[in-house]
Amino acid sequence: MATCLALWVSTALHAQAPVQFNNSPQALKQYEASTMDGLRERCPSKKAGADLWTRDELQGMRNGYVLVNERLPEAGRYTVFVFDQDKRSFTLMDGQGLERNARLHLKLALPRDYGRCRIMRSPTGAERLEVVHIERNSIADTQAMGRLLAEATEMAQQLALPSTPPVLCAEGTAPKPLALNDRIMVQGKVLVLPACHEPALALRERLDKLVRKVFER
């Protein structure tokens with residue numbers, strides 16, 4: 001009897017169909033829609049200006065560096081890196097526009113990121129989902145950013161002197177292409193550096209690299 005029972009169990013196990021994991025486009029779309037519903041329920045909704053430069057983190061900053069990157073591969077994705085020298089903090093706003101039937105490309109480490117997310121609504125009703133990461137313990141990076149900002153301030157002051165020859169772009173050529181949409185803030189004002197000035201471009205690239213490194217390592 002025991003032998004027969006064991007044979008029946010073995011036969012039944014082998015007869016079962018293998019488990020099928022449904023990763024069809026429809027199932028993926030349903031999963032993303034469910035995730036988005038959960039985010040809408042738990043992420044606070046806030047009013048925002050027409051563009052990313054109107055964020056509170058940027059408007060209240062007097063000294064620091066901001067890098068806006070809206071050239072990510074996924075449609076609607078963007079990142080905003082902020083170094084606030086007075087607060088000694090680095091901030092990353094990682095987000096994407098929320099359009100009808102658009103896929104959710106934003107990388108989330110749920111449920112942790114529910115406490116960091118927000119939905120920003122523009123005056124036209126357009127929505128963006130953002131996850132905000134703040135780092136205040138990068139002491140060495142804070143000091144390095146401070147030195148670069150001091151260097152940028154000194155460079156701008158030197159270039160503004162009457163005795164310094166003006167920096168001119170070559171006639172018929174555009175400024176050197178640089179994938180940076182950034183601002184250097186000093187005492188509440190945007191520090192203006194010539195677009196065709198090689199040392200200024202190199203300095204901006206160093207600021208860009210350092211502010212990214214805090215969140216990418």
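Each value in this text was obtained by applying a stated rule to the coordinates, not by laboratory testing. Source: prediction; values computed, not measured. Methodologically, a virtual Cβ is constructed for each residue, glycine included, from the backbone with ideal geometry; neighbour enumeration extends over all protein chains shown.
Using unit Cβ charges (K, R positive; D, E negative) and no other charged atoms, how large, in debye to the nearest 20, is the dipole of the range 33-133 about its Cα centre?
Value, rounded to 20: 140 debye.
What number, in percent, do you get for the relative contact order of the range 33-133 if the mean sequence gap of Cα pairs under 8 Å and at least 6 apart is divided by its residue count?
Dividing the mean separation by the residue count of the range 33-133 yields 30 percent.
Is the range 14-105 best put as rounded, prolate or oblate by its Cα gyration tensor, with a ≥ b ≥ c the root eigenvalues, rounded for a/c under 1.5, and otherwise prolate when a/b is larger than b/c, oblate when not?
Prolate, since a/c reaches 1.5 and a/b exceeds b/c.
Per residue of the range 198-212, in order, report the coupling 6.51 cos²θ - 1.76 cosθ + 1.60 (Karplus, θ = phi - 60°) as ³J(HN,Hα) in whole Hz, putting x for Gly and Pro.
Ordered by residue, 3J(HN,Hα) equals 4, x, 5, 5, 5, 5, 5, 5, 5, 4, 4, 4, 6, 5, 6 Hz.
Using modelled amide H (1.01 Å from N, peptide plane; none on Pro or chain starts), what sits under 5 Å from the amide H of S89, excluding residues fewer than 5 places away?
Those qualifying (amide H under 5 Å, at least 5 residues apart or on another chain) are D84.
How much FRET efficiency would the formula 1/(1 + (r/R0)^6) give for N101 and A140, where r is the Cβ-Cβ distance and R0 is 41 Å, rounded to 0.05?
0.35
Less than 13 Å Cβ to Cβ from G76, Lys/Arg counted +1 and Asp/Glu -1: what total charge do the surrounding residues give?
-1
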